[in-house]
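Please read the structure below before turning to the comments.
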Amino acid sequence: MFRPHNFKQRSSKGFTLVEVVVALGIFGMTMAALIHIQAESSRAAAELRDRTLAQIVAQNALVDLYTRADGLPNSTVGGTVDLAGDSWQWSGRIVNASNAVRRIDVDVRRHGEDRVLRAVSAFKGAL
């Protein structure tokens, strides 16, 4: 005998396909957002590491030029330093700011790159 299907007597066990697809869509969007946040966090940490190391190189080069500034004419000098497994280029400029004061500028960048990561300056003169 034929029995018509009664839709009102549906059991409430399990989820419908639409509910599962919607849940997976929400889960997928959430995971994509979390992966994006993690990638940005990693990029920011690497940038902070590079800027910190560039600051160390810049300060070391500045101290070196500061101690030798009296014996150096107005000039541009530079060098390469290996620090924390990376190679860093620094360039320094020594110029007369006035008759008794010399200005020392140091720029630091990764070896082979043009973008300056850190720039520091100092003045040296007789009091």
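So for each of 18-31, 87-100, 110-123 I average, over its residues, the number of other beta carbons within 10 Å; can you give me the resulting order with the highest mean first?
Those peptides, ordered most packed to least, come out 87-100, 110-123, 18-31.
Compute the semi-axes of the equivalent ellipsoid of region 28-99, taking the square root of 5 times each eigenvalue of the Cα gyration tensor, and list them largest first in whole Å. Present the calculation step by step, with values, prior to reporting the outcome.
Numbers: eigenvalues 334, 30, 14 Å².
The answer is 41, 12, 8 Å, longest axis first.
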- For the chain, which semi-axes, largest first and in whole Å, follow from the square roots of 5 times the eigenvalues of its Cα gyration tensor? 69, 13, 9
- Query: Nearest 10 degrees, 0 to 90: what angle lies between the long axis of helix 17-68 and the longest principal axis of the chain (Cα atoms)?
  - Reply: 10
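Quote the convex hull volume per residue of region 73-127, based on C-alpha atoms, as a whole number of Å³.
Details: hull volume 4.8 nm³, N = 55.
Taking only Cα atoms, region 73-127 has a hull volume of 88 Å³ per residue.
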- Query: Going highest first, how would you order 34-45, 55-66 by mean Cβ packing within 10 Å?
  - Reply: 55-66, 34-45
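Based solely on its DSSP helices, what 222 nm [θ] is calculated for the chain when runs of n ≥ 4 H residues each add -39,500 (n - 2.57) and the sum is averaged over all residues, nearest 500 deg cm²/dmol? Could the numbers behind the result be given before it?
On the way: 1 runs with 52 residues, N = 127.
So the calculated ellipticity at 222 nm is -15500 deg cm²/dmol.
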- Separation between Cα centres of region 12-69 and region 85-127, rounded to whole Å: 31
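Every number here is computed from the coordinates shown, using simple stated rules; none is lab data. Just so it is clear, the model here is predicted, and its values are computed rather than measured. Note that we place each Cβ from the backbone using ideal geometry, even for glycine, and neighbour counts take in every protein chain shown.
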